[in-house]
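Here the structure comes first, spelled out in structure tokens, and everything after it is commentary.
Computed from the coordinates by the stated procedures, all read-outs in this text should not be read as laboratory data. These figures come from a predicted structure and were not determined experimentally. So basically every Cβ, Gly included, is an ideal-geometry build from the backbone, and we count neighbours across all protein chains shown.
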Amino acid sequence: IVVLNGHYENVWPSIEGIELALDAVGRDEGSGLSILRMDHWEFVRPQTIDQIFPNGFPGIELEHASVLETSLMLAIRPNQVDLGRSLNPGPAKFRPYPRFPRPPDEVPPAAVIPMTERAPADNS
């Protein structure tokens, strides 16, 4: 079984889901069951990152609903993307530690952390 994650915030839920599934069916190594969990961004070549982000890659943590995800959706489901509705609040600024509940000024209202305007379909 392959679990391919395409959204940063799903890293831990996907791991938990796999662990819960293994709890339910058993972890017998002799059963032949094998689960491979991957994140799509781990397979992007460095030269592709350099091409998409000529001014530097902000890191996958700041790519929430941004250039990579938007470019992929423009390539595979362009009718589902309305760039006219995209917001470009600029790069998010986070403290070096998490605080709960999050102060409202830490999370952009649209939950788009960097920019989507540089997200053409040919990036994908």
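Here are the numbers:
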{"quantity": "For Arg37: the one exception among (1) surrounded by fewer than 16 Cβ atoms within 10 Å (Cβ to Cβ); (2) in a helix (DSSP H, G or I)", "calculated": "(2)"}
{"quantity": "Count of the range 1-18 residues which are part of a loop (DSSP other than H, G, I, E, B), free of Cβ contacts under 8 Å to residues at least 40 places away in the same chain and within 22 Å of Ser71 (Cβ to Cβ)", "calculated": "0"}
{"quantity": "Among residues of the range 17-39, those that are under 23 Å from Leu62 (Cβ atoms) and acidic (Asp, Glu), counted", "calculated": "1"}
{"quantity": "Flag for Glu61 being touching a residue at least 24 places away in the same chain (Cβ under 8 Å) and assigned to a helix (DSSP H, G or I)", "calculated": "yes"}
